[in-house]
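Before any comments, here is the structure.
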């Protein structure tokens, strides 16, 4: 019975593909319906992958849902931030939220602790990463690289963000998010909880 259903499904998908490729479905309504079907199937497939422990990369157990970036900034640094995030395997929305929180997209931002630029790199961290913290592109690259390093070390975005804010030593010392009000609020604002 399953084989029959599978064959019927494969046949109908094949016919749809042939009809689509042959130009038989040209109306905008047909294209819209097809797009909706593809999006639905993509979503179902993504949920299956997300729920499957066999399909996860080895050693990764982070199931943190990343909230969408809903900030208003659409300026010239956003594509640079997204490119840096992509290069280092960081969810785009997470890195956009980090930059929003760190500097509000101000490349001239400077913290009371001495952190500089869009991703608020400390001078010693920038030197270790071999980036110029005053150059927006290098600052974002360094910030993304540093966040990715913390994620690889701690295995979760929550702990990676805590390490980004308070330092990896603090996360190790407390075996989790340190009990610092600033760090807890920082993680909460970026992850939305």
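Looking only at the range 155-169, decide whether some residue is free of Cβ contacts under 8 Å to residues at least 12 places away in the same chain and farther than 23 Å from residue 104 by Cβ. Don't jump to the end; show me each part of the working.
So in the range 155-169, the residues free of Cβ contacts under 8 Å to residues at least 12 places away in the same chain come out as 167, 169.
Adding the requirement that they be farther than 23 Å from residue 104 by Cβ leaves 169.
Checking the range 155-169: at least one residue is free of Cβ contacts under 8 Å to residues at least 12 places away in the same chain and farther than 23 Å from residue 104 by Cβ.
Checking the structure you have, find out if any residue of the range 109-124 is in contact (Cβ under 8 Å) with a residue 24 or more places away in the chain, in a helix (DSSP H, G or I) and farther than 14 Å from residue 145 by Cβ. Checked against the condition, which is being in contact (Cβ under 8 Å) with a residue 24 or more places away in the chain, in a helix (DSSP H, G or I) and farther than 14 Å from residue 145 by Cβ, the range 109-124 yields no hits at all.
When the residues of the range 168-193 are filtered to those that are assigned to a helix (DSSP H, G or I) and surrounded by fewer than 14 Cβ atoms within 10 Å (Cβ to Cβ), which remaining residue is farthest from the chain's Cα centre (by Cα)?
173
Farther than 17 Å from residue 165 by Cβ and in contact with a strand residue (DSSP E or B) (Cβ under 8 Å, 6 or more places away or on another chain): is that true of residue 116 in this structure? No.
Looking at 151, 146, 77, which is the one that is in contact with a helix residue (DSSP H, G or I) (Cβ under 8 Å, 6 or more places away or on another chain) and free of Cβ contacts under 8 Å to residues at least 40 places away in the same chain?
On the way: 151 fails: free of Cβ contacts under 8 Å to residues at least 40 places away in the same chain; 77 fails: free of Cβ contacts under 8 Å to residues at least 40 places away in the same chain.
When all the criteria are applied, what remains is 146.
All of the numbers you see were taken from the coordinates with simple rules; none came from a lab. Values in this document were obtained by computation on a predicted structure and should not be read as measured data. Counting neighbours? That spans all protein chains shown, and the Cβs are built from the backbone with ideal geometry, glycine included.
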